[in-house]
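Participant: Below is the structure I would like to discuss, written out as C-alpha cells.
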Ligand SMILES: Nc1ncnc2c1ncn2[C@@H]1O[C@H](COP(=O)(O)OP(=O)(O)O)[C@@H](O)[C@H]1O
Ligand SMILES: [Mg+2]
C-alpha cells in the first residue's frame, strides 16, 4: 500500500468546474476550456503513488499548479474530480471529524513563509501543531523540544522568532511539522526564501533527517538543482499537467519534452550525478589469493598497469601496481600481501561527480566506488569526463557526444579498467 495515492485528480477553480473537467476529459485544450467555462484548470488529471519513506518532488514554473496539487493532498483544496488516498484511505470518503484527525495525525504542512507567531517562543511555535490537537502542555513541550533538537535548535527554545535568522526560522517551521509526528510532510517551497548557502544546508539536513525518520515527503520547488538533490523521484508540472515523473537519472537521460529539456539544460551535472550513477563494472580486479603471477597475466590481458585487489566477499583490499608485481615475482613471492598498497582512491556511490574530479586526477587507477567496504564499481577518468561533458542526456549534442566517445574507444571493455 502506498503512503500517498493520487488517481485522476483535477482541481478547477470557478463555478463551472465540473463542466470544465468534462471538457478536459474529452481532450479539449486547457486554454479553450478555461475560456469557455470561465474557470482556472489548475491541476489536470494527476496520477501518482508515493511510497513510504520517499521524497517526492513536484517542480515546474510558477503557475504550473504545484501548490494547488499539494493542497489537494490534504484536501485544503478538495479535488474537483479524482481520488486522494493516504495509507489506503480515500480522503473524500472520510467524515469531517475523521478528516480532521487524519490531517492532525498523518499530514503536516511546512510553508515557505514559516508561519511562525512572533510573540510566542521558539518552543511554543514548535509545539503549535500539537496545541491544535489539544496535546497537554508537558507532552507538547517535550515533543517540541525533541523536534527542535532534531533540527539543530537545542538551546533556542525560549528565544523569539525575531531573534532567529531566516534559516533558523525555517528550522522552527520544520520542527513544528516533525513534532506532530505526522507520517506525511507536505513542503511547499519550504526553502525558497532562504539564501543559497543556508538553503543547501537545509537540504542536507532534510535528507539526513529523512534517513533517520523515514517520513514520506512531498516537496515542492521551482529549482531543479534542489529537486534533484532532494527527490527520490520528481514530477514535472506544466500548465496543470504532470508531464514527466522519474528519477533524476531518468529525467536527465530522457527528458519527456522540450519543456523538461529546458529545465535540464541549466543543471550542474557535476552536482547532480553521483558516482553510483556512472560507475562501471570493475574489469581490472583480482582476488587477493590469486598471487603475483596471476596479477601479471590479468594486467597483460587487460592492458592495464594496475589492478584493484579484492577478497572473496568483494571487499576492497587495495591495489597492485605493475612494478611491484614484477618485483614480487622476481623475489619469488607467491602472495600479493607484501605489495598490496592501500592508498586506493575511493568514493561512495552517493559522492557527487564534482567531488570525484580531484581524487580521480590524483589516482593512477580508476576511482573505486565502495560501500561498506565492498567494491561496487569503478569510474575510469574517461567515464567521469564523458559524464560531465554531456550537457544534456537526450539532446542532439548529447547523443553526438556519447556516440563520439564510444567511437573513440572501440574496445570499451579493455579500456574500462585501464589507467587513463
Ligand atoms: N484559489 C484560487 N482561485 C483561483 N485560481 C487559483 C487559485 N489558486 C491558484 N489559482 C490559479 O491556479 C494556477 C496554478 O497555481 P498554483 O497552484 O499556485 O501554481 P504554482 O504553485 O505552481 O505556482 C494559477 O493559474 C493560479 O493563478
Ligand atoms: Mg506555489
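The values are calculated or read from the model by the stated rules, or taken from the named source; none is laboratory data. Not measured: the values here are computed from a predicted model. Cβ atoms come from the backbone with ideal geometry, glycine included; neighbour counts cover every protein chain shown.
Participant: Any idea which residue in the range 97-116 is farthest from ligand 2 (Cβ to nearest atom), counting only those that are within 16 Å of residue 187 (Cβ to Cβ) and not in a loop (DSSP other than H, G, I, E, B)?
Facilitator: Residue satisfying both the conditions and the ranking: 106.
Participant: Residue under question is residue 295, and the condition is that it be at pLDDT 90 or above, surrounded by 15 or more Cβ atoms within 10 Å (Cβ to Cβ), in contact with a helix residue (DSSP H, G or I) (Cβ under 6 Å, 6 or more places away or on another chain) and closer than 28 Å to residue 371 by Cβ; does it hold?
Facilitator: Here the answer is yes, as residue 295 does meet what is asked.
Participant: Of all the helices (runs of 4 or more DSSP H) wholly in the range 208-279, which have at least 2 residues that are surrounded by fewer than 16 Cβ atoms within 10 Å (Cβ to Cβ)?
Facilitator: 258-264, 269-272
Participant: Within the range 40-65, which residues are within 15 Å of ligand 1 (Cβ to nearest atom) and buried (at least 22 other Cβ atoms within 10 Å of the Cβ)?
Facilitator: Selection gives 41, 42, 43, 44, 46, 57, 58, 59, 60, 64, 65.
Participant: Of the residues that make up the range 178-201, is at least one surrounded by fewer than 18 Cβ atoms within 10 Å (Cβ to Cβ), farther than 18 Å from residue 65 by Cβ and within 16 Å of ligand 1 (Cβ to nearest atom)?
Facilitator: Looking for residues that are surrounded by fewer than 18 Cβ atoms within 10 Å (Cβ to Cβ), farther than 18 Å from residue 65 by Cβ and within 16 Å of ligand 1 (Cβ to nearest atom), one finds at least one in the range 178-201, hence yes.
Participant: If you don't mind, there's one more thing I want to ask. Taking residue 130 as the residue in question, decide whether it is under 30 Å from residue 162 (Cβ atoms), out of contact with any strand residue (DSSP E or B) (no Cβ under 7 Å at 6 or more places or on another chain), in a loop (DSSP other than H, G, I, E, B) and in contact (Cβ under 8 Å) with a residue 40 or more places away in the chain.
Facilitator: So residue 130 does not fit the description; no.
Participant: List the helices (runs of 4 or more DSSP H) that sit entirely inside the range 1-96 and contain at least 2 residues that are closer than 20 Å to residue 111 by Cα, assigned by TED's automatic domain parsing to the domain that holds residue 226 and within 16 Å of ligand 2 (Cβ to nearest atom).
Facilitator: Of the helices (runs of 4 or more DSSP H) lying wholly inside the range 1-96, those with at least 2 residues that are closer than 20 Å to residue 111 by Cα, assigned by TED's automatic domain parsing to the domain that holds residue 226 and within 16 Å of ligand 2 (Cβ to nearest atom) span 66-72.
Participant: If you don't mind, there's one more thing I want to ask. Hey, among the residues in the range 66-77 that are modelled with pLDDT of 95 or more and closer than 20 Å to residue 22 by Cβ, which one's nearest to ligand 1 (Cβ to nearest atom)?
Facilitator: 68
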